[in-house]
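Asks: First, the structure itself, so that you have it in front of you.
The values are calculated or read from the model by the stated rules, or taken from the named source; none is laboratory data. All of these numbers come straight from a predicted model, not from anything done at the bench. Note that each Cβ is placed from the backbone with ideal geometry, even for glycine, and that neighbours are counted across all protein chains shown. Surface areas here come from the heavy atoms of the whole protein model, side chains and all, with no ligands, DNA or RNA. Shrake-Rupley method; radii C 1.70, N 1.55, O 1.52, S 1.80 Å.
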Number of protein chains: 2
Amino acid sequence: MLRNLINRTPKLNNGDPEQKRQEIREYFHSTFDLYEKLFEVLTSDEAYYKKATPLRHPLIFYLGHTATFFINKLLLAGLVKDRVNPEFESIFAVGVDEMSWDDLSETRYEWPTVHQVMTYRNAIRQTVDTVIQTTPLTLPINWENPWWPIIMGIEHERIHLETSSVLIRQHALQFVEPHSLWEACQKSGTAPENNLVHIPEGIVHLDNQKSDAFYGWDNEYGLHTAEIPDFQVSRYLVSNQEFLDFVEAKGYTNDAFWEEEGLSWKNYTHAAHPTFWIAYGHEWQLRLMTEVVAMPWDWPVEVNYHEAKAFCNWKKQQTGHPVRLPTEDEWYRLYDISGLNAIPADQKATANIHLDRYASSCPITEFSHGELYDVVGNVWQWTETPIYPFEGFEVHPLYDDFTTPTFDGRHNIMKGGSWISCGNESQYSARYAFRRHFFQHAGFRYVVSETPATVNTSHYETDKLLSEYAEFHYGDEYFGIQNFSEALAHLAIQAMGNKPARTALDLGCAAGRATFELAKHFDQVTGIDFSARFIGMGVKLAEQGVLRYTLADEGELVSYKERKLVDLGLNEVRNKVTFFQGDACNLKPQFTGYDLILAANLIDRLYSPSKFLSAVHERLNMGGILLLTSPYTWLEEHTKKEQWIGGFKKDGENFSTLDGLKAILGKHFHLVQGPLAVPFVIRETKRKFQHTLSEATIWERIA
Amino acid sequence: MLRNLINRTPKLNNGDPEQKRQEIREYFHSTFDLYEKLFEVLTSDEAYYKKATPLRHPLIFYLGHTATFFINKLLLAGLVKDRVNPEFESIFAVGVDEMSWDDLSETRYEWPTVHQVMTYRNAIRQTVDTVIQTTPLTLPINWENPWWPIIMGIEHERIHLETSSVLIRQHALQFVEPHSLWEACQKSGTAPENNLVHIPEGIVHLDNQKSDAFYGWDNEYGLHTAEIPDFQVSRYLVSNQEFLDFVEAKGYTNDAFWEEEGLSWKNYTHAAHPTFWIAYGHEWQLRLMTEVVAMPWDWPVEVNYHEAKAFCNWKKQQTGHPVRLPTEDEWYRLYDISGLNAIPADQKATANIHLDRYASSCPITEFSHGELYDVVGNVWQWTETPIYPFEGFEVHPLYDDFTTPTFDGRHNIMKGGSWISCGNESQYSARYAFRRHFFQHAGFRYVVSETPATVNTSHYETDKLLSEYAEFHYGDEYFGIQNFSEALAHLAIQAMGNKPARTALDLGCAAGRATFELAKHFDQVTGIDFSARFIGMGVKLAEQGVLRYTLADEGELVSYKERKLVDLGLNEVRNKVTFFQGDACNLKPQFTGYDLILAANLIDRLYSPSKFLSAVHERLNMGGILLLTSPYTWLEEHTKKEQWIGGFKKDGENFSTLDGLKAILGKHFHLVQGPLAVPFVIRETKRKFQHTLSEATIWERIA
């Protein structure tokens, strides 16, 4: 049994600065100590160098890594000037994550000795201690405060306390031994029959501010509100007992229960039961962190998302009910109605969490939270929710790859914490996400709900061209040049005067900004682009109100950007826009009867501009307006030379594109305004831009 | 014999406007008439459609072409609104020049009948007459005057009067017949022995202003001054008699006399004597425009440049003297000392020119001009000079491909005019240039001079990248952004303070603008670039003080640009710059001991920037300044990823290029200024620009 409570993460928003300095100093040292004590369960130096799992570094890396992390963040923040050990700090900086097979060159690593790493850790401990003792401290400690990276380093080590404990659990038994500080729970028995509890509908409302009391990772901040319909949830976490039914029902051999991604994982690993289960003769045993015990049937089963999901699918088939995992939001509902509070600072939590109870799971019947058990603690609970950013998400500049790489739809959130989740990990707001095949001290409970799990967009557009256009349409202005789409919509609306403004067509809409802008004036606006990937951005904005993308800064370095319709004053027109994939040279018949057609930077990207131009009047109401803009950048890759409508010598004389437009449009249109030069800027990198003058002409259909 | 004098080209700078209108009207009609009368020598309609030479259109094209030219220029100038016959005007617009073999699809042309073309010509005549009678006229008529294109059309037709007469001369004899208006000279006899006349050294000074009295083509305008050393020149044009010696000396079979290009032509055509000579039994005959006559031995021989040059080379071998053709400038010297004046308006010229005398050549002894004969008239005289623009050359916007395509080093100037050169063609200032293998009514005289013929630069850089850089370095400023090279030189010179400023190195100098700019402060500046094509522009400027290039405007349309050191205030530093081709990552040892090194936009284009940066101090004096700028646009095509010095995650953290610079340069340099953002703009088309912020850092060598 652990002697004392493990220090809680400190309140950062008030208190006496010098007391706070001491509190943080203790928080640092106790965490640094605790982490080192975890490694005391290893039986030999060899245990540090033999890999626990083939795709991860050996434990010696993790011993050094949390120390190096401190120095890296303190350097970035300017709190220290020099590296402690540049060689170690290169070795220990990166490699936390699972690697791919071709990344596994053993020879790349000449690990230092355990003694060298411990000496290094002592030096880092001294450095951080000096920083803590000497850095001026003013409260509150928020994102911008120089103390933030100090807390970040400590919380980072607490995360690794847990993840290293999982690696140790995956290590060969010969390399670990029981330790008085890391005693597993001794209780076990028969699991209760699980049953469903009704959770009434309700609102989930999160509004984590950077001024909040506790340290948080960037993904926790922002606004999130959701109405959650009522659902039923299993009173208990799924126990080893309950999961055994699935194993015995040949759940692992029946592919029908497995989702596509889960099936790939199962085929790859040949998994036939939960990973920590050991078949011992006719018995089942369970591998804990330092020992193997007879299967504690009333402890929660530990599985990855795929296994949990397969269980739900099997259960669905068995019961005929819509069984699935909870969403992240449903978990908040469970917490909200459970009567739980934050873990107390000075007494044990009423849950198997924060190392307050055991160095292992415990029976699922031990900690009741309202009508449920283990809403927090014991093991993490997988959710259906791939992690996504809340409204107002910002990347913390000192750790810009903590969260963003997980916004890929492949990392699902776990909630509730496990027996070893300390500090930030143990909080309601914590949002840790792992690849769905990953093992942590994680299990699940299930829900029965007619409401399908919603998947929030987490995707950051990283395609270079698409993200350039996202920024071009929705991003910042550069060189003082007004947003191009906005300027064109303004020009178009001005040209409309008092003409009817029922429908408009934004042809070649790309990311769709002008489509939205025109919807301020028109009842309905259609955006059409040849590229489905481009209109995808407009569709996403119309559906979700938000667009996220990365911007190339310098070399491989990027920054992360989020734009919302509401901030652009376009939220009210969301329902007035519709996007279609289509070919301007071969438009479907239904796209007709418009009062305005905008074709921005389109004609010099068409394979046959004259085909488009000579028929465009058919799509426009009599008296309607056609607004064309183009820099006339004719390129053979888009438009074969014989299809150019200008920009060449014709019968010996210069024949401009404007000459060509007049020749083709003259039959049906009257040029009412222009040519005007409308500038636009497309950002390619932090320092490189395309700066172009598009020639705008405004035509009225007269025949 | 022609009844009347052919109208002279009108004075455009003074006179009574209504009298001038009448004079121009007569000039138009008489030229239009004369041109049509030329075609009266054709014997049948067939003569219009059978080609005179395989690479040229048949004569029907030329009959229509001069009419269409009027309508095209008047349309451009806004003097008429509508085409007279769009179909004809498409057929007759282009195709004057010799075509290449693959351009010869006969089926492309469905020529109208002669009657149709004459009807068309009458309509054009009526249109132009109306324009002349109704367009308001104010004098002077200069480039901008709406009457300029009217004169242009007339002078254009006078050119074709001559070139069509050559085509007719090349036509099969059955298609032509003598005509009372086009009577050849009847005199001929034995040619005199040619001999050399000494021409004293002197100055050629041309300063044709657009405000001058007479119409001129764009290539005639500008300033040109040259000192011409003394030389000797043949008193007479080379006669058929004199040329016979060359033919009989097997000049056409001895390749040694032929220049490389001339040899190609001779091999291709199998020429064995002048093209208008006909071997008739043992006699030589001569083809005139409408007849074949016994060889008039005392008439000037008519040859192309290659034949004339081969004759000179043979003569050189025979005499041991440096025989060659005159340069353009030497011809001006001949004219200047000959006592000649402009052709009188109201009496015959004292030369066989302007159709004042014959419809053919005449004996070379008939018209003496000072000590020489035929300085003007009889036949054009080939020169050694490829046509080039004078200082201040500008392209006339209404006819931008009259001259510019001939600025290619392959078109040599002919001077002096022939018996049929009328109007502008007959003037001292006329500068017609033809491909060197072309036939006109052209012959030559030769000079003996120790001074080699100089070749003036005529080249317009048309390579897209090179001309973009020419404009980037020497051209206009866009978006109000200061010239980048100038800004950097200013920054460098400021950073130098009172440090010694003996030598500077502009590494990655590209077109070399900063090299010149630095030479305002430093005694000597070396410009080095990896690309010999780039430094070629700097070399040309240093040698010739002028750089010419085309700018892409829209599609295939371009504009022509000329920049001079003198206008940039850089003429005085021409002798302080030297350019070398070199590799910044592997510089030759001699490039060292500099007080300043500028490396502008270089490092992200090197294959190994760290190799350059880690050794650059060796090239710099202690205390010297290194100015680096770059937008850090790392691209694998220039720099393999493993060679990038920043712009990636290093040991888990963002590592910028600036971080990399500090790491590499830190040993030997102190960062004294920066980073600063210095903007630059590169023009791609009339409407499309790269707009970039280059990061500048200034380093002082301290170790």
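Asks: Exactly one condition in (1) open to solvent by 70 Å² or more (accessible area, probe 1.4 Å); (2) within 30 Å of B:GLU155 (Cβ to Cβ); (3) small (Gly, Ala, Ser) is false for B:ALA213; which is it?
Replies: Condition not satisfied by B:ALA213: (1).
Asks: Which of the residues that make up region A:201-210 are surrounded by fewer than 18 Cβ atoms within 10 Å (Cβ to Cβ) and out of contact with any Leu (no Cβ under 6 Å at 6 or more places or on another chain)?
Replies: Taking region A:201-210 as the starting set, the residues that turn out to be surrounded by fewer than 18 Cβ atoms within 10 Å (Cβ to Cβ) are A:201-203, A:205, A:207, A:209-210.
A:GLU201, A:GLY202, A:ILE203, A:HIS205, A:GLN209, A:LYS210 - these are the residues of region A:201-210 that are surrounded by fewer than 18 Cβ atoms within 10 Å (Cβ to Cβ) and out of contact with any Leu (no Cβ under 6 Å at 6 or more places or on another chain).
Asks: Can you tell which of B:GLY64, B:GLY78 is within 14 Å of another protein chain (Cβ to nearest Cβ) and buried (at least 19 other Cβ atoms within 10 Å of the Cβ)?
Replies: Numbers: B:GLY78 fails: buried (at least 19 other Cβ atoms within 10 Å of the Cβ).
Criteria check complete, one pass: B:GLY64.
Asks: I'd like the residue in region A:216-255 that is under 29 Å from A:PHE402 (Cα atoms) and of a type in the set (S, T, N, Q) and, out of all such residues, is farthest from the chain's Cα centre (by Cα).
Replies: A:THR225
Asks: Among the listed residues A:ILE159, A:ILE150, which satisfies the condition of being open to solvent by less than 10 Å² (accessible area, probe 1.4 Å) and either not in a helix (DSSP H, G or I) or not assigned by TED's automatic domain parsing to the domain that holds A:GLN209 (or both)?
Replies: Numbers: A:ILE159 fails: open to solvent by less than 10 Å² (accessible area, probe 1.4 Å).
Among A:ILE159, A:ILE150, only A:ILE150 is open to solvent by less than 10 Å² (accessible area, probe 1.4 Å) and either not in a helix (DSSP H, G or I) or not assigned by TED's automatic domain parsing to the domain that holds A:GLN209 (or both).
Asks: Among the numbered criteria (1) open to solvent by less than 10 Å² (accessible area, probe 1.4 Å); (2) hydrophobic (A, V, I, L, M, F, W, C); (3) over 25 Å from the mean Cα position of the chain (by Cα), which one does B:LEU334 miss?
Replies: Going through the list (1) open to solvent by less than 10 Å² (accessible area, probe 1.4 Å); (2) hydrophobic (A, V, I, L, M, F, W, C); (3) over 25 Å from the mean Cα position of the chain (by Cα), B:LEU334 breaks only (3).
Asks: State the number of residues belonging to region A:647-659 that are at negative phi and within 10 Å of chain B (Cβ to nearest Cβ). Even if it seems obvious, please write down each step before you answer.
Replies: Narrowing region A:647-659 to residues at negative phi: A:648-650, A:653-659.
Narrowing further to those that are within 10 Å of chain B (Cβ to nearest Cβ): A:648-650, A:653-658.
Total satisfying the criteria: 9.
This table checks each residue for (1) assigned by TED's automatic domain parsing to the domain that holds B:MET289; (2) in contact with a strand residue (DSSP E or B) (Cβ under 6 Å, 6 or more places away or on another chain); (3) farther than 27 Å from B:GLN170 by Cα.
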{"site": "B:THR406", "(1), (2), (3)": "yes, yes, no"}
{"site": "B:MET414", "(1), (2), (3)": "yes, yes, no"}
{"site": "B:GLN427", "(1), (2), (3)": "yes, no, no"}
{"site": "B:TYR469", "(1), (2), (3)": "no, no, yes"}
{"site": "B:ILE481", "(1), (2), (3)": "no, yes, yes"}
{"site": "B:GLU486", "(1), (2), (3)": "no, no, yes"}
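Asks: Starting from residues that are out of contact with any Gly (no Cβ under 9 Å at 6 or more places or on another chain) and within 20 Å of B:ILE150 (Cβ to Cβ), keep the ones in region B:29-61 and report whichever is surrounded by the most Cβ atoms within 10 Å (Cβ to Cβ). First the steps, then the outcome.
Replies: Our first condition is that a residue be out of contact with any Gly (no Cβ under 9 Å at 6 or more places or on another chain); within region B:29-61, this holds for B:29-30, B:32-55, B:58-60.
Now restrict to residues that are within 20 Å of B:ILE150 (Cβ to Cβ): B:29-30, B:32-36.
Numbers: B:HIS29: 16, B:SER30: 16, B:PHE32: 22, B:ASP33: 11, B:LEU34: 19, B:TYR35: 19, B:GLU36: 16.
Filtering first and then ranking leaves B:PHE32.
Asks: Now for a different question. Here are the criteria: (1) hydrophobic (A, V, I, L, M, F, W, C); (2) under 26 Å from B:GLY423 (Cα atoms); (3) open to solvent by 10 Å² or more (accessible area, probe 1.4 Å). Tell me which single one B:TRP182 does not satisfy.
Replies: (3)
Asks: Just a yes or no: is a residue in region A:661-681 outside any strand (DSSP E or B), under 40 Å from the mean Cα position of the chain (by Cα) and either more than 8 Å from chain B (Cβ to nearest Cβ) or modelled with pLDDT under 95 (or both)? Even if it seems obvious, please write down each step before you answer.
Replies: Taking region A:661-681 and keeping what is outside any strand (DSSP E or B), we get A:661-668.
In the following step, the residues that additionally are under 40 Å from the mean Cα position of the chain (by Cα) were identified as none.
Scanning region A:661-681, I find no residue that is outside any strand (DSSP E or B), under 40 Å from the mean Cα position of the chain (by Cα) and either more than 8 Å from chain B (Cβ to nearest Cβ) or modelled with pLDDT under 95 (or both), so the answer is no.
Let's see how each residue does on (1) at pLDDT below 95; (2) open to solvent by 20 Å² or more (accessible area, probe 1.4 Å):
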{"residue": "B:ASP218", "(1), (2)": "yes, no"}
{"residue": "B:LEU223", "(1), (2)": "yes, yes"}
{"residue": "B:GLN232", "(1), (2)": "no, yes"}
{"residue": "B:TRP265", "(1), (2)": "yes, yes"}
{"residue": "B:PRO274", "(1), (2)": "no, no"}
{"residue": "B:TRP277", "(1), (2)": "no, no"}
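Results for (1) open to solvent by 60 Å² or more (accessible area, probe 1.4 Å); (2) in contact with a Phe, Trp or Tyr (Cβ under 6 Å, 6 or more places away or on another chain); (3) touching a residue at least 60 places away in the same chain (Cβ under 8 Å), shown as yes or no for each residue.
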{"site": "B:SER610", "(1), (2), (3)": "no, no, no"}
{"site": "B:LEU626", "(1), (2), (3)": "no, yes, yes"}
{"site": "B:THR629", "(1), (2), (3)": "no, no, yes"}
{"site": "B:TYR632", "(1), (2), (3)": "no, no, yes"}
{"site": "B:THR657", "(1), (2), (3)": "no, yes, no"}
{"site": "B:PHE669", "(1), (2), (3)": "no, yes, no"}
{"site": "B:GLN673", "(1), (2), (3)": "yes, no, yes"}
{"site": "B:PHE680", "(1), (2), (3)": "no, yes, yes"}
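Asks: Can you tell me which of (1) free of Cβ contacts under 8 Å to residues at least 60 places away in the same chain; (2) open to solvent by 60 Å² or more (accessible area, probe 1.4 Å); (3) over 24 Å from A:ARG502 (Cβ atoms); (4) not small (Gly, Ala, Ser) is the one A:GLU543 doesn't meet?
Replies: Unmet condition: (3).
Asks: When A:SER418 is evaluated against the numbered criteria (1) over 19 Å from A:MET152 (Cα atoms); (2) part of a loop (DSSP other than H, G, I, E, B); (3) in contact with a Pro (Cβ under 6 Å, 6 or more places away or on another chain), which criterion, by number, is the only one it fails?
Replies: (3)
Asks: Specify the residue that is nearest to B:GLU144 (Cα to Cα); the eligible residues are those in region B:386-413 that are buried (at least 18 other Cβ atoms within 10 Å of the Cβ) and within 11 Å of chain A (Cβ to nearest Cβ).
Replies: B:LEU398
Asks: Something else now. Among the residues of region B:4-20, how many are crowded, with 18+ Cβ neighbours inside 10 Å and part of a helix (DSSP H, G or I)?
Replies: The total comes to 1.
Asks: Looking at region A:234-263, which of the residues that are touching a residue at least 24 places away in the same chain (Cβ under 8 Å) and of a type in the set (Asp, Glu) is least open to solvent (accessible area, probe 1.4 Å)?
Replies: A:GLU242
Asks: For the subset of region B:590-644 comprising residues that are closer than 20 Å to B:PHE680 by Cα and among the charged types (D, E, K, R), which member is farthest from the chain's Cα centre (by Cα)?
Replies: Filtering first and then ranking leaves B:ASP604.
Asks: State whether one or more residues within region A:479-487 are closer than 22 Å to A:PHE390 by Cα, in contact with a helix residue (DSSP H, G or I) (Cβ under 7 Å, 6 or more places away or on another chain) and not in a loop (DSSP other than H, G, I, E, B). Quick ask: steps written out before the conclusion?
Replies: The first filter runs over region A:479-487 and keeps only residues closer than 22 Å to A:PHE390 by Cα, leaving none.
No.
Asks: Scan region B:261-319 residue by residue and report those that are part of a loop (DSSP other than H, G, I, E, B) and under 15 Å from B:GLU248 (Cβ atoms). Walk me through how you get there before you give the answer.
Replies: At the first step, the residues of region B:261-319 found to be part of a loop (DSSP other than H, G, I, E, B) are B:270-276, B:281-282, B:288-291, B:295-299, B:301-304.
Across region B:261-319, the qualifying residues are B:ALA272, B:HIS273, B:PRO274, B:HIS282, B:MET295, B:TRP297, B:VAL301.
Asks: Among all residue pairs at least 6 apart or on different chains, which show Cβ distances below 6 Å where the first residue, located in region A:568-591, is more than 16 Å from A:GLY538 (Cβ to Cβ) and the second is part of a loop (DSSP other than H, G, I, E, B) and among the small types (Gly, Ala, Ser)?
Replies: Listed pairs, sorted by first residue: A:CYS585/A:SER608.
Asks: Restricting attention to region B:530-560, report how many residues are more than 13 Å from B:HIS459 (Cβ to Cβ) and more than 14 Å from chain A (Cβ to nearest Cβ). Don't jump to the end; show me each part of the working.
Replies: From region B:530-560, those more than 13 Å from B:HIS459 (Cβ to Cβ) are B:530-532, B:534-535, B:538, B:542, B:545, B:551-559; that's our starting set.
With the extra rule that they be more than 14 Å from chain A (Cβ to nearest Cβ), the set shrinks to B:530-532, B:534-535, B:538, B:542, B:545.
Count: 8.
Asks: Sticking with this structure for a sec: For region B:574-600, which positions are of a type in the set (A, V, I, L, M) and open to solvent by 10 Å² or more (accessible area, probe 1.4 Å)? Let's see the steps before the verdict.
Replies: Taking region B:574-600 and keeping what is of a type in the set (A, V, I, L, M), we get B:577, B:584, B:587, B:596-600.
B:VAL577, B:ALA584, B:LEU587, B:ALA600, listed by residue number.
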